[in-house]
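The values are calculated or read from the model by the stated rules, or taken from the named source; none is laboratory data. Since the model is a prediction, treat every value here as computed from it, not as a measurement. Cβ coordinates were reconstructed from backbone atoms using ideal geometry, including for glycine residues, and neighbour counts include every protein chain displayed. Ligands, DNA and RNA are stripped out before the accessible areas are found, and what is left, the full protein with its side chains, is counted by its heavy atoms. Shrake-Rupley method; radii C 1.70, N 1.55, O 1.52, S 1.80 Å.
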Amino acid sequence: MDDTKYGTRNKRGDYTPNERLEHAPLFAFPPRPMALLKWLPHYFLPWNLIWAASAVAWWLWVVPQKEQMQSLQWGWVLWLLAINAIAVFVFYGAIELHLYLRRAQGNRFKYNAKWPSEHKSQAFMFGSQTIDSLIRGFGTGVPIWTAWEVLVLWAWANDIGPWVSLMDNGWYLFALWLVLPVIHEFHFFAIHRLIHTPFLYKWVHSVHHNSVNPSPWSSLSMHPVEHLLYFATAAYHFILPSHPLLAIYQLHFAGFGAVVGHIGFDKIELGEDSAVESHAFAHYLHHKYFEVNYGDGLIPLDRWFDTWHDGSKDGDARMNARYEKTKARANAKAAQKAARSA
C-alpha cells in the first residue's frame, strides 16, 4: 500500500496520518446519532471481538472446575500463569515478528521511522528495549495479571462478591459487556494521571516511558506498581454484579489490548489494498510528548482536562501553549520562594 495516500512524512521520515484524531461520539453533546451509528462497528471490530472471543475460549477450555478453585493450590494457579504467558508470547510475538523482525511492510504507516533494535540505551536492562520489555512483561506483568485473574476466580468459586448467573442474566451481562471498555477507559485515565504525578512518575511510570519509540513488547514494560494498578481494572467486578467470564474479558482487554496502543504503526496491511486500523496514534503521541492523551479517546476526558492532542499542528500549538503556561507558573512560584527567603 502507498501510505502517502493516507498521511505524510517529515524530514526524519516519521509518519503522521492525515485525519485528525477524534473522540468517540459516545458522549457527544448535543448527541450525534448518525455519527454514533457510523462509529459503532469500530467499537467492536476488530479488537473488542477478539478479546471477547479469547475470554470465551479461556472460560471454556482454560479455567478449571469451580470446585477445584475453591482452594488456592499451585496446580491450577500455575496452569493459568503458563497459559497466559504462552498466549502473550504468541500474540505479542507474532505482531513483533511480522512488523519489527521480518519488517513485512517496511516502514509503511510507521509513526517513528527508527527501529528500536537499532538504538541501544542505558535506560534499558542490557541496553536493549526488547530485552528490558521481555523481562518486565514476563517477570511481573503476566504474573500480576494472573494474580488478579486467580483472585477473581477464587472469589467466584467461594461466592465472595456480587456474582450473578450467566444463564439467568444474559441480557444484563451483555449490556455490562458493552460498558466494560468505557469502565476500562475511565480506570486507565485515572491511574495514568496518578502515576504522572512527579514522585510516581520518577519511581514508577518512567520505566514505561523509557520506550519513547514503542513496539509490541513495550506494552507490558512497566514497573510492578503500575502493573498492579493497571490490572486492577478487574476490581470493578467486586463492586458491580458480574460474572467471572466478563472479568476475564476485562483482563484480556487490558492485557492483550495493551499491544494495540504500542504497535507503532497506523495500519497493519492485509494485502495490497486492505489494512486493519491500529487505533494506536493517540497513545503513540502520549509516548512522544508525555503530557497529552492520557486516555485513548473513548471518553473525552483529555478534552475535558485540556490534555488532548489530535495529531495536528493545531494540537502542537495547544500543547506548546500549555507547556508555556506551566513553565510560567513554575517560574513565578520559584521567584516567590526566592523573594520570601531573601
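Among the listed residues His227, His208, which satisfies the condition of being in contact with a Gly (Cβ under 6 Å, 6 or more places away or on another chain), modelled with pLDDT of 95 or more and not small (Gly, Ala, Ser)?
Details: His208 fails: in contact with a Gly (Cβ under 6 Å, 6 or more places away or on another chain).
The unique qualifying residue is His227.
Just checking, does segment 105-117 include any residue being among the aliphatic types (A, V, I, L, M) and either more than 22 Å from Ala280 (Cα to Cα) or open to solvent by 40 Å² or more (accessible area, probe 1.4 Å) (or both)?
Initially, segment 105-117 is screened for residues among the aliphatic types (A, V, I, L, M), giving 113.
Among the residues that remain, those that are also either more than 22 Å from Ala280 (Cα to Cα) or open to solvent by 40 Å² or more (accessible area, probe 1.4 Å) (or both) are: none.
There is no residue in segment 105-117 that is among the aliphatic types (A, V, I, L, M) and either more than 22 Å from Ala280 (Cα to Cα) or open to solvent by 40 Å² or more (accessible area, probe 1.4 Å) (or both).
Can you tell me which residue among Tyr111, Tyr100 is hydroxyl-bearing (Ser, Thr, Tyr) and touching a Ser or Thr at 6+ places or on another chain (Cβ under 6 Å)? Write out each step before concluding.
Working: Tyr111 fails: touching a Ser or Thr at 6+ places or on another chain (Cβ under 6 Å).
Answer to the selection: Tyr100.
Considering (1) within 26 Å of Val152 (Cβ to Cβ); (2) without any contact (Cβ under 8 Å) to a residue 40 or more places away in the chain, say which one Thr233 fails and leave the rest.
(2)
Residue-by-condition table, conditions (1) in a helix (DSSP H, G or I); (2) in contact with a Phe, Trp or Tyr (Cβ under 8 Å, 6 or more places away or on another chain); (3) farther than 19 Å from Asn112 by Cβ; (4) of a type in the set (D, E, K, R):
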residue: Thr8; (1), (2), (3), (4): no, yes, no, no
residue: His23; (1), (2), (3), (4): no, yes, yes, no
residue: Phe29; (1), (2), (3), (4): no, no, yes, no
residue: Leu40; (1), (2), (3), (4): yes, no, yes, no
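Would you mind finding the one in Pro25, Pro30 that is open to solvent by 60 Å² or more (accessible area, probe 1.4 Å) and either at pLDDT 95 or above or over 26 Å from Trp217 (Cβ atoms) (or both)? Write out each step before concluding.
Details: Pro25 fails: open to solvent by 60 Å² or more (accessible area, probe 1.4 Å).
Only one candidate qualifies: Pro30.
Checking the conditions here, which among Leu99, Leu49, Leu80, Leu72 is farther than 28 Å from Pro181 by Cβ and at pLDDT 95 or above? Write out each step before concluding.
Values: Leu99 fails: farther than 28 Å from Pro181 by Cβ; Leu49 fails: farther than 28 Å from Pro181 by Cβ; Leu80 fails: farther than 28 Å from Pro181 by Cβ.
That would be Leu72, the only listed residue that is farther than 28 Å from Pro181 by Cβ and at pLDDT 95 or above.
So which of Leu251, Leu200, Leu240 ends up being open to solvent by 30 Å² or more (accessible area, probe 1.4 Å), under 21 Å from Gly139 (Cβ atoms) and not in a strand (DSSP E or B)?
On the way: Leu251 fails: open to solvent by 30 Å² or more (accessible area, probe 1.4 Å); Leu240 fails: under 21 Å from Gly139 (Cβ atoms).
One residue alone meets the criteria, Leu200.
If you take the residues in segment 285-342 that are more than 28 Å from Pro30 (Cβ to Cβ) and of a type in the set (Ser, Thr, Tyr), which one is nearest to the chain's Cα centre (by Cα)?
Top of the filtered list is Tyr289.
Could you grab me the full set of residues in segment 46-78 that are assigned to a helix (DSSP H, G or I), among the aliphatic types (A, V, I, L, M) and surrounded by 11 or more Cβ atoms within 10 Å (Cβ to Cβ)? It would help to see each step written out before you state the result.
Step one: of segment 46-78, the residues assigned to a helix (DSSP H, G or I) are 47-61, 68-70, 74-78.
Narrowing further to those that are among the aliphatic types (A, V, I, L, M): 49-50, 52-53, 55-57, 60, 69, 77-78.
Within segment 46-78, Leu49, Ile50, Ala52, Ala53, Ala55, Val56, Ala57, Met69, Val77, Leu78 meet the criteria.
Identify, please: which residue in segment 254-277 is surrounded by fewer than 24 Cβ atoms within 10 Å (Cβ to Cβ), touching a strand residue (DSSP E or B) at 6+ places or on another chain (Cβ under 6 Å) and not charged (D, E, K, R) and is, among those, nearest to Tyr43 (Cα to Cα)?
Per the criteria, the residue is Val276.
Please find, among His223, His205, His184, His192, the residue that is within 18 Å of Tyr249 (Cα to Cα), within 16 Å of the chain's Cα centre (by Cα) and crowded, with 16+ Cβ neighbours inside 10 Å. Give the derivation first.
Numbers: His223 fails: within 18 Å of Tyr249 (Cα to Cα); His205 fails: within 18 Å of Tyr249 (Cα to Cα); His192 fails: within 18 Å of Tyr249 (Cα to Cα).
So the residue among His223, His205, His184, His192 that is within 18 Å of Tyr249 (Cα to Cα), within 16 Å of the chain's Cα centre (by Cα) and crowded, with 16+ Cβ neighbours inside 10 Å is His184.
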